[in-house]
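Values in this text are rule-based calculations from the coordinates and carry no lab data. Just so you know, these numbers come straight off a predicted model, no measurement behind them. Quick reminder, even Gly has a Cβ in these numbers, built from the backbone with ideal geometry, and neighbours come from all protein chains shown.
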Amino acid sequence: MQALRGLVAEGVIHAVPEIARDQVQPASIDLRLGTRAFRIRASFLPGETHRVAERLDEFAMHEIDLRPGAVLEKGCVYLVPLMESLRLPTGIRAVANAKSSTGRLDLLTRVITDGGTEFDRVSEGYDGPLYAEICPRSFSVLVRPGMRLTQIRFRRGQARLDDAALSRLHDSEGLVDGPAVIGDGLGFSVDLMPESGDLVGYRAKPHTGIVDLDLIGHYPIADFWEDVRARAGRIILDPGAFYILVSREAVTIPPAYAAEMAPYLAMVGEFRVHYAGFFDPGFGHDTAGGRGARGVLEVRCHEAPFALEHGQIVGRLVYERMAELPERLYGQEIASNYQGQGLKLSKHFR
Ligand SMILES: Nc1ccn([C@H]2C[C@H](O)[C@@H](COP(=O)(O)OP(=O)(O)OP(=O)(O)O)O2)c(=O)n1
């Protein structure tokens, strides 16, 4: 966090208007939507020799002013220039990811850059603008400039824990409450046998109203979501539908670490389990009041109906060492919507 403020002070990340203090989170900086959006024909990556602005001439259908508030329609793709830009020195790379509320609303949001060949990855030395590509998949949303749909982390060198280091950390900290499945990260599974009742998740309804992203605790759940109930620890996923489920394991991110959720390889092709994948230092940790926090799974199944079973491994958490201990943790003093959570929809629902 202190190091992130240093990067802001040095102009490694800079913005108009200036970066606000509360954009700086324990391990990431929130990125803000600018004042314009472009409705584009298709999602694209500019490719090594092109700037995003050049490709926009090819893909843009029309320009939208976000200042009075604008609706991003379900099923359409938009490109929004962000207020933040980067000037990365050699040796520092950046990785972006949707914020947790963005993922829970099924807003596919990815960052692209000039000359970029991958989503959400910025290579060292990049000097240029950032754009968010947004595709609302389940609900149309009302957005305004300054909204924070995505976030960025900075990496210097190799900070990722290998499996041996992860095992040692689990032995000392207890990263999950049960046996740890360690293999290219820490595996976690889906909970389809809750301690009480049979509600295991929610499924997005098809023809709902819009979600104004500024309205917190506002929308009745039943207007947007159907309950998903398991029978004998199993549900069948419908192709194309979007589900919010929860991990069986409570997970912990010790204060000196951060994590990122990654797909579990064996599952690639069947369904996708997450859009928002950054886990903050202190998430689920005692010292930050988060004991017992579960991970929220954003699940979309692709081709064929798929039977998901209780305890099936669906993803893994890749842990990284922080450059320094953050002065505040997730859930401590900062507005945190999801510390100590169980099955939890985005903060817009009540
Ligand atoms: N699929 C995910 C992604 C994240 N988290 C948890 C771990 C994160 O530490 C926490 C918060 O994530 P963000 O920092 O993305 O979100 P904020 O707390 O800042 O909230 P918001 O998205 O509403 O701004 O949510 C989760 O349980 N399941």
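Structure above, values below:
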item	result
Percentage, to the nearest whole number, of Cα pairs in segment 163-321 over 21 Å apart	49
Normalised contact order of segment 273-350, rounded percent, pairs of Cα under 8 Å and 6 or more residues apart	45
Rule-of-thumb Rg ratio for the chain [Cα; 2.2 N^0.38 Å; N residues]	0.96
Residue of GLU133, GLU48, GLU320 that the Gaussian network model of the chain assigns the largest fluctuation, springs spanning Cα pairs under 10 Å	GLU48
Which of SER172, SER167 has the fewest Cβ neighbours within 10 Å, and the rest in rising order	SER172, SER167
Within the chain, helix-based [θ] at 222 nm, where runs of 4 or more DSSP H residues each add -39,500 (n - 2.57), nearest 500	-2500 deg cm²/dmol
Computed over the chain: relative contact order in percent, which uses C-alpha pairs under 8 Å that are six or more apart	18
Candidates VAL314, VAL228, VAL273, ranked by Gaussian network fluctuation over the chain, Cα under 10 Å, top entry	VAL228
Cα centroid separation - segment 178-239 against segment 105-139, whole Å	26
Most to least packed among 108-116, 157-165, 51-59 [average Cβ atoms within 10 Å]	108-116, 51-59, 157-165
Förster-model FRET efficiency, 35 Å R0, ILE313 and ARG121, C-beta, rounded to 0.05	0.85
